[in-house]
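Written out below as structure tokens is the structure these notes cover.
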Number of protein chains: 4
Amino acid sequence: MTTTADTADGRTGNWGRWGADDERGSLNLLTPDVVLAATQACRTGKVYNLGLPVARYGTPVFPYRGAPQRLTLTSQTDEAMNAAYGALPGVGANEDLLVLAAHNGTHMDALCHVYADRQIYNGRSADDFTSHNGAPFCGIEKTGGFAGRAVLLDVAGHQGVDWLEPGTNITGDDLEACRAAAGVDLRAGDILLVRTGWLDLFADVTAKMEEPPFMQPGLGASTVDFVVDHDLAAVGSDNAAIEVIPFDGQFLSVHIELLVKRGITLIEHLVLTPLAADGVKECLFVAAPLLVTGGTGSPINPIAIA
Amino acid sequence: MTTTADTADGRTGNWGRWGADDERGSLNLLTPDVVLAATQACRTGKVYNLGLPVARYGTPVFPYRGAPQRLTLTSQTDEAMNAAYGALPGVGANEDLLVLAAHNGTHMDALCHVYADRQIYNGRSADDFTSHNGAPFCGIEKTGGFAGRAVLLDVAGHQGVDWLEPGTNITGDDLEACRAAAGVDLRAGDILLVRTGWLDLFADVTAKMEEPPFMQPGLGASTVDFVVDHDLAAVGSDNAAIEVIPFDGQFLSVHIELLVKRGITLIEHLVLTPLAADGVKECLFVAAPLLVTGGTGSPINPIAIA
Amino acid sequence: MTTTADTADGRTGNWGRWGADDERGSLNLLTPDVVLAATQACRTGKVYNLGLPVARYGTPVFPYRGAPQRLTLTSQTDEAMNAAYGALPGVGANEDLLVLAAHNGTHMDALCHVYADRQIYNGRSADDFTSHNGAPFCGIEKTGGFAGRAVLLDVAGHQGVDWLEPGTNITGDDLEACRAAAGVDLRAGDILLVRTGWLDLFADVTAKMEEPPFMQPGLGASTVDFVVDHDLAAVGSDNAAIEVIPFDGQFLSVHIELLVKRGITLIEHLVLTPLAADGVKECLFVAAPLLVTGGTGSPINPIAIA
Amino acid sequence: MTTTADTADGRTGNWGRWGADDERGSLNLLTPDVVLAATQACRTGKVYNLGLPVARYGTPVFPYRGAPQRLTLTSQTDEAMNAAYGALPGVGANEDLLVLAAHNGTHMDALCHVYADRQIYNGRSADDFTSHNGAPFCGIEKTGGFAGRAVLLDVAGHQGVDWLEPGTNITGDDLEACRAAAGVDLRAGDILLVRTGWLDLFADVTAKMEEPPFMQPGLGASTVDFVVDHDLAAVGSDNAAIEVIPFDGQFLSVHIELLVKRGITLIEHLVLTPLAADGVKECLFVAAPLLVTGGTGSPINPIAIA
């Protein structure tokens, strides 16, 4: 990764752009002024939950991560526990324990999630990560939650299909064409949401009890310039990895360009179809990851206010 | 619970107020118009993460729930896995698996969380809850995420202390006095945030390696009228259970009045001191629970935009 | 279940046979004398591990239980943790955390595992089970580990096949024919091991990347008399449920006859092919479940000494 | 660790003694002949479970590992799930999911558990361990379960106390004095069980709601010669780490001498008092770890047959 440059102009990379100690990357663009302006993107006040259901079945899961599990910690069968605290008969509390892979379902990547050339964002060594304590730098608790103006580019809708074919390499030109057709501008610090239709394909295939394809539509290498030119704060999509699968170039090539080199937060498996169905082009977008100390990411249910 | 009334006026309860099938309770007050108006509460655009760290140590944990665990699913030591997919040397991904009790740390209660007289909100039977599938009604996925105007009542600050003494019963009059002194109005559909200072007490005590007290300051029974009179959408606080411990009346008495009878969503263990320190009185509040199918609650990192 | 009789002769059921408070069922047959005699079954001293690998892949998993997960708790990357305790450079410890469904893989059922007519073994109410604390009666910690003489009936081998076809209903006559051909006697308190070849079928099918069939060979209803006539202490097999799938009669019919009515411990997914390959007919069998308080079963690696 | 020698005589280490590829260490001593002879140690046929309860409370837990959790996967509340498979009313199954740190409670160390000089047993590199897949060499599935003759040295009982004081350094001479007084011989391939009384101290202290001490009685450095002279196959004790805490020498010094240099399997937190109370001096000992692929250890419930 010889291009993780000593220059920090966004073109070759953002390392150093917000200081040698920075762990938030492009979320630094979301200054209070930018956030305040973003609240003006709300037109209707309609609230959208962009997270997938968290459940054992019905959502995309990579087997090595295990499916999410909601386990009952207490229920009505435990009422006698409460009686010991003076509870009246018929009174009790239901509680859960969750077993969740951070990168299954709808989730946000921490800047420590991917490394290249043995370095994570801002030049920290990938070898500082430890099994027990996780990431000493760029953990999900360092970026934390954020809010900003999001622009939805419904690439599938723009191309007149329910979903892009698996393996479709979305180009920078595709994004620009979609943006222009939508008549929406993109500003520095915006959050880009790209709808490929993947989750609709997934639902369609699994409803037929078929296996979803390995290949996925997503951003190709040529979209990096688009993201950089607009100096975006974050990128989200409805597919598993933002980027096209198989990867366009090396393993995790778009992650490396955006997350590693530029510290641009990525959010995956977003439920974007309801926004698209309502014709939403811009909205206030709020991402609120769990502040897991040393965490590499978080399951998340981003909120859009249109 | 003879007062879970056939009348549904908020005074004796909200069952039926939003229909016999309603599972969202007072969050129904957050209509798009109300949400759109709430965005006007933003003055500075400063974003606050109101969630506690999710970590094995340093935050309040009830032992029967177990402490949160971040476990490493993949790290730099697994690089050979990526090589099988064509990754270049030095390229890889760190991932986590989380084991989390839904009601530890900062969390949001689903309306199915508590039952009384063997019924949850809106008269559903508590016995419909199942170990494997959780709540068929009023699960956390049914309320989902929401946004609205929040008003912070810093009761500890108003009383000139860092924290209220453990066991302090905050009354409706205390809330009104605090509100009046702050000069802030409360509107139907607002989210009430009550700062008791508990988390600061917890931090102080545990820094001294002492055991935190069992008793906690919190809302007493007399605050129910305050909440009902203002027709609030949700209530959050920095303590473990919104309500005072020991409970003011029966086991979970304030939960029963607010959550069970009125379907008012409760959010606990909020980090409110930074908002108070900045003198924030109102803000846009966004709560984004994980949409756990059948879930009784969710760990959460609410976002406030001041 | 009108036949869970007031008589307790093994024919109609064993409730009350070892006292009204008994929670060990037929393991009571394994008196010290019987165990001491069982040590005489050893001829070669060769030790067999009868447990399947515990791993994310490659072994039978029912999806609702989730696959087993070994997660790294500490590793060589955490060496600095040890340094705080004075460890020399290059010294450390690797540790795991396990997430295991008790009834995946090779496992032993507790007597509380199945209920019929709302009762578990010995007439305890199925409704006493609680989410948080599990089984107050007949939990796996009550039966505990045991040792005894096991007799292997290799039904597949006796029939000259690698495995019985999925759905094959093994009859009492099949067992007797196999026993007679092997020339091995069965005594009161023995442990019966039945080899169907199912795990070999599973391995064969999954090696071809095919889905294993739903149906499984196993014990049919007519084997109950065989087990009762010989007054056996426990029954193990290499399939998922001891009994044939689809069930021979009602849901879990053989579990109900053996486990519920007679308190006969069942052990499933045993790796029996190496024993069969060596021509072992009898052995000392040791089952050592984890003593999980209130547990409904335990993953297990039974040991056979031939 | 300059003494992990090219000589492999047990004195300076066992690396290479059973071949360069060996992953079982001193368990190789447990040949079928040795095991067959071990069955002669049984005199009464009485079976002892040497495992602690697996429960959230009441047993020793190091906080960084989290307490064990038994979670209900299915219960009587899920009966409708079974009805879908044709279950009669009142019929169902209770199942658990377990979350267990491998080295809490009674457990067996895999030979990969500890490393020194960046090497595990037999000279494999400690750096080959990976977060996702665990140990490629010397995982618990490689040693597996075993059986042999165990000799109990009740050091506390021999010294006339209920338990040795925390921090007591048991010497080789202490072991020899205890053995001689017991009049029991030790043979190559035996399993040594050392009772310090620690679990009784733990029970006594926690019953008084006091915090158990950090220090523990256990084997000091001088016991290594005793173990080596007798060419033992495994060592178990009732304390947390076999060895005295604080360590006698460097961090994990006895682990390094026995487990790392000599491949001697260690089993900790054994419940030995019932054996001692019955005056058992030798027995058949069966250890049956879960065969966790790549695992660093396993919770275990060893069985002794006296």
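The values are calculated or read from the model by the stated rules, or taken from the named source; none is laboratory data. Note that the coordinates shown come from a computational prediction; the quantities given were computed from them, not determined experimentally. Positions of Cβ are backbone-derived with ideal geometry, glycine not excepted, and every protein chain shown enters the neighbour counts. Keep in mind that these areas ignore ligands, DNA and RNA; they rest on the heavy atoms of the full protein, side chains included. Shrake-Rupley method; radii C 1.70, N 1.55, O 1.52, S 1.80 Å.
Applying the selection to segment D:11-31, what residues are assigned to a helix (DSSP H, G or I) and more than 22 Å from the chain's Cα centre (by Cα)?
Those that are assigned to a helix (DSSP H, G or I) and more than 22 Å from the chain's Cα centre (by Cα): none in segment D:11-31.
Among the residues of segment B:191-235, which ones are farther than 30 Å from B:Thr31 by Cβ and basic (Lys, Arg)?
B:Lys208, the sole residue that qualifies.
What is the number of the single condition among (1) buried (at least 24 other Cβ atoms within 10 Å of the Cβ); (2) under 20 Å from B:Ala110 (Cβ atoms) that B:Val244 does not meet?
Condition (2) is where B:Val244 drops out.
D:Glu165 passes all but one of (1) touching a residue at least 24 places away in the same chain (Cβ under 8 Å); (2) part of a loop (DSSP other than H, G, I, E, B); (3) under 30 Å from C:Pro68 (Cβ atoms); which number fails?
Checking D:Glu165 against (1) touching a residue at least 24 places away in the same chain (Cβ under 8 Å); (2) part of a loop (DSSP other than H, G, I, E, B); (3) under 30 Å from C:Pro68 (Cβ atoms), the one that fails is (3).
Give segment C:140-160 a look and list any residue that's in a loop (DSSP other than H, G, I, E, B) and either charged (D, E, K, R) or out of contact with any helix residue (DSSP H, G or I) (no Cβ under 9 Å at 6 or more places or on another chain) (or both), or say none.
C:Gly145, C:Gly160
What is the residue count in segment A:286-305 for residues that are more than 7 Å from chain B (Cβ to nearest Cβ) and open to solvent by 10 Å² or more (accessible area, probe 1.4 Å)?
0
Is it the case that segment C:69-77 has a residue that's open to solvent by 20 Å² or more (accessible area, probe 1.4 Å), over 36 Å from the mean Cα position of the chain (by Cα) and more than 7 Å from chain D (Cβ to nearest Cβ)?
Yes, that holds for at least one residue.
List pairs: first in segment A:192-210 and on the phi > 0 side of the Ramachandran plot, second open to solvent by 50 Å² or more (accessible area, probe 1.4 Å), Cβ under 6 Å, 6+ apart or cross-chain?
Matching pairs, first to second residue: A:Gly197/A:Asp162; A:Gly197/A:Trp163.
Out of all the residues in segment C:85-123, which are over 26 Å from D:Leu291 (Cβ atoms) and more than 7 Å from chain D (Cβ to nearest Cβ)?
C:Pro89, C:Gln119, C:Ile120, C:Tyr121, C:Asn122, C:Gly123, listed by residue number.
Out of all the residues in segment C:124-134, is one or more at the interface with another protein chain (Cβ under 7 Å from one of its Cβ atoms) and assigned to a helix (DSSP H, G or I)?
Yes, segment C:124-134 contains a residue that is at the interface with another protein chain (Cβ under 7 Å from one of its Cβ atoms) and assigned to a helix (DSSP H, G or I).
Would you confirm whether any residue within segment A:4-26 is within 14 Å of chain B (Cβ to nearest Cβ), modelled with pLDDT of 95 or more and within 23 Å of D:Asp96 (Cα to Cα)?
Within segment A:4-26, not a single residue is within 14 Å of chain B (Cβ to nearest Cβ), modelled with pLDDT of 95 or more and within 23 Å of D:Asp96 (Cα to Cα).
Of the residues A:Pro63, A:Pro32, only one is surrounded by fewer than 16 Cβ atoms within 10 Å (Cβ to Cβ) and more than 9 Å from chain B (Cβ to nearest Cβ); which?
Going through A:Pro63, A:Pro32 in turn, just one is surrounded by fewer than 16 Cβ atoms within 10 Å (Cβ to Cβ) and more than 9 Å from chain B (Cβ to nearest Cβ): A:Pro63.
Restricting the search to segment D:32-65, which residues are touching a Gly at 6+ places or on another chain (Cβ under 6 Å) and in a loop (DSSP other than H, G, I, E, B)?
D:Leu52, D:Thr59
Let me spell it out: the conditions are (1) small (Gly, Ala, Ser); (2) on the phi > 0 side of the Ramachandran plot; (3) in contact with a helix residue (DSSP H, G or I) (Cβ under 8 Å, 6 or more places away or on another chain), and B:Ala20 meets all of them except one. Which number is the exception?
Among (1) small (Gly, Ala, Ser); (2) on the phi > 0 side of the Ramachandran plot; (3) in contact with a helix residue (DSSP H, G or I) (Cβ under 8 Å, 6 or more places away or on another chain), the lone unmet condition for B:Ala20 is (2).
Please verify whether A:Asp185 is of a type outside the set (Lys, Arg) and in a helix (DSSP H, G or I), treating the condition exactly as stated.
No; evaluated as a whole, the condition is false for this residue.
Look through segment D:82-103, keep the residues that are part of a loop (DSSP other than H, G, I, E, B) and in contact with a Ser or Thr (Cβ under 8 Å, 6 or more places away or on another chain), and return whichever of them is farthest from D:Cys138 (Cα to Cα).
Here the answer is D:Asn94.
Would you check which residues across segment D:233-282 are within 27 Å of D:Asn122 (Cα to Cα) and assigned to a helix (DSSP H, G or I) and list them?
Across segment D:233-282, the qualifying residues are D:Ser253, D:Val254, D:His255, D:Ile256, D:Glu257, D:Leu258, D:Leu259, D:Val260, D:Lys261, D:Arg262.
Restricting the search to segment D:249-266, which residues are touching a residue at least 12 places away in the same chain (Cβ under 8 Å), open to solvent by 10 Å² or more (accessible area, probe 1.4 Å) and over 13 Å from D:Leu232 (Cβ atoms)?
D:Gly249, D:Leu252, D:Ser253, D:Lys261 - these are the residues of segment D:249-266 that are touching a residue at least 12 places away in the same chain (Cβ under 8 Å), open to solvent by 10 Å² or more (accessible area, probe 1.4 Å) and over 13 Å from D:Leu232 (Cβ atoms).
Given the structure, is D:Asn122 farther than 25 Å from D:Gly236 by Cα and either at pLDDT below 95 or crowded, with 19+ Cβ neighbours inside 10 Å (or both)?
no
Given the conditions (1) in contact (Cβ under 8 Å) with a residue 12 or more places away in the chain; (2) not in a loop (DSSP other than H, G, I, E, B), which single one is not true for A:Ala180?
So A:Ala180 meets the others, but not (1).
So which of C:Phe226, C:Phe202, C:Phe214 ends up being outside any helix (DSSP H, G or I) and among the aromatic types (Phe, Trp, Tyr)?
C:Phe214
Quick one: would you say A:Thr77 is at pLDDT below 95 and either acidic (Asp, Glu) or out of contact with any Pro (no Cβ under 6 Å at 6 or more places or on another chain) (or both)?
In short, no.
Looking at segment D:36-60 only, could you name the residues that are more than 7 Å from chain C (Cβ to nearest Cβ), open to solvent by less than 40 Å² (accessible area, probe 1.4 Å) and farther than 16 Å from C:Leu290 by Cα?
D:Ala38, D:Ala41
Output the number of the condition that B:Cys283 fails; it satisfies all remaining conditions of (1) open to solvent by less than 20 Å² (accessible area, probe 1.4 Å); (2) away from every other protein chain (no Cβ under 13 Å).
(2)
For segment D:53-72, give me the residue count where each residue is among the aliphatic types (A, V, I, L, M) and farther than 17 Å from C:Gly134 by Cβ.
Residues in segment D:53-72 being among the aliphatic types (A, V, I, L, M) and farther than 17 Å from C:Gly134 by Cβ: 1 in total.
For segment A:136-176, name all the residues that are over 30 Å from A:Cys42 (Cβ atoms) and open to solvent by 10 Å² or more (accessible area, probe 1.4 Å). Give the derivation first.
The initial filter retains those residues of segment A:136-176 that are over 30 Å from A:Cys42 (Cβ atoms), namely A:136-139, A:165-169, A:171, A:173.
Selection gives A:Pro136, A:Phe137, A:Glu165, A:Pro166, A:Gly167, A:Thr168, A:Asn169, A:Thr171, A:Asp173.
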